[in-house]
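The values are calculated or read from the model by the stated rules, or taken from the named source; none is laboratory data. On a predicted model such as this, the values are computed, not experimentally measured, just so you know. Using ideal geometry, Cβ is built from the backbone for each residue, glycine included, and neighbour counts are taken over all protein chains shown. We work out accessible area using only protein heavy atoms, side chains counted, and drop any ligands, DNA or RNA first. Shrake-Rupley method; radii C 1.70, N 1.55, O 1.52, S 1.80 Å.
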Amino acid sequence: MKIALIGATGFVGTQILKEASSRGHVVTALVRNVDKVEKRDGITAVEADALNTADLAAKLKGNDIVISAYNPGWDNPDIKAVHIAGSKSITEATKQAGIKRLIVVGGAGSLRAPDGSQFVDGAAFPAEYKEGALGARQALEDLRSETALDWTFVSPPFELVPGERTGKYRQGKDEPVFSADGKSTISTSDLAVAILDEAEKPAHAQERFTVGY
């Protein structure tokens with residue numbers, strides 16, 4: 001496939017880029033700093049601003065699918081507002097580019113607890129991640145009213161860490177996936193496997209899914 005990857009130099013994006021390249025896909029890596037993109041066969045680095053909808057749309061054209069690992073940065077003081085605006089811009093740019101499929105990597109905060117509440121609303125949710133998680137939650141809510149795209153929203157588990165690629169994972173939808181020892185975790189490498197599996201064989205059109213070991 002021809003894949004447009006937004007945020008290809010981030011914590012998750014770098015692993016998506018590596019996984020997509022290893023599978024032989026042609027990737028346009030849309031980033032703020034092209035010098036940070038790993039040099040690999042089949043990868044073209046393009047400077048882009050997620051908030052510039054018209055320019056982004058022009059750079060997305062010709063691809064089969066958009067995968068967005070967009071994050072304004074955890075040190076951004078306006079992370080919630082910027083995340084919402086950037087996510088809306090990416091959705092609109094995808095439509096303007098004539099691309100039907102969009103996979104968005106979001107957060108775990110909007111996953112649901114056993115009582116039906118969302119974890120981001122709980123008192124125990126880490127304060128330093130709350131604004132970013134609220135932005136990601138709104139991005140999901142905005143997508144849920146989007147009918148023109150075959151979108152998919154991917155929530156990572158609560159613990160997302162660097163680690164080896166095993167190619168193994170389990171899936172859930174709106175509730176976290178826990179391991180036998182009660183952990184909600186996966187490596188960034190295996191999260192990338194799950195995302196590329198979804199790109200190649202769509203199973204969650206217009207819905208959210210999550211993964212874990």
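Things worth noting here:
- Averaging 1/r over every pair of different alpha carbons in segment 34-101 and inverting the result gives a Kirkwood radius of 13.0 Å.
- The chain: relative contact order as a whole-number percent, Cα under 8 Å and 6+ apart: 19
- Alpha-carbon radius of gyration plus Dmax, which is the widest Cα pair, for segment 1-127 in Å: 15.6, 48
- Stretching E175 away from D35 to a fully extended chain increases their span by 46.6 nm, per 0.36 nm per residue minus the current alpha-carbon distance.
- The alpha carbons of segment 156-197 occupy a box of 22, 19, 14 Å along the principal axes, longest dimension given first.
- For A48, the amide hydrogen comes within under 5 Å of the amide hydrogens of V31, R32, counting only partners 5 or more places away or on other chains and with H modelled in the peptide plane.
- Count of Lys pairs (Cα-Cα under 23 Å; at least 8 positions apart or interchain) in segment 1-93: 17
- Accessible solvent surface per residue of the chain, calculated while the other protein chains remain in place, 1.4 angstrom probe, Å²: 47
- Debye-formula intensities of the chain, expressed as log10 I(q)/I(0) at q = 0.09, 0.17 Å⁻¹, are -0.31, -1.21 (one equal scatterer per alpha-carbon, no solvent).
- Along each principal axis, Cα extent of segment 141-213, largest first, Å: 39, 23, 17
- Projected label points at A203 and D142, each 7 Å from Cα along the beta carbon direction, are separated by 2.9 nanometres.
- Carbon + sulfur, % of accessible area of segment 1-157 - ligands and nucleic acids excluded, 1.4 Å: 49
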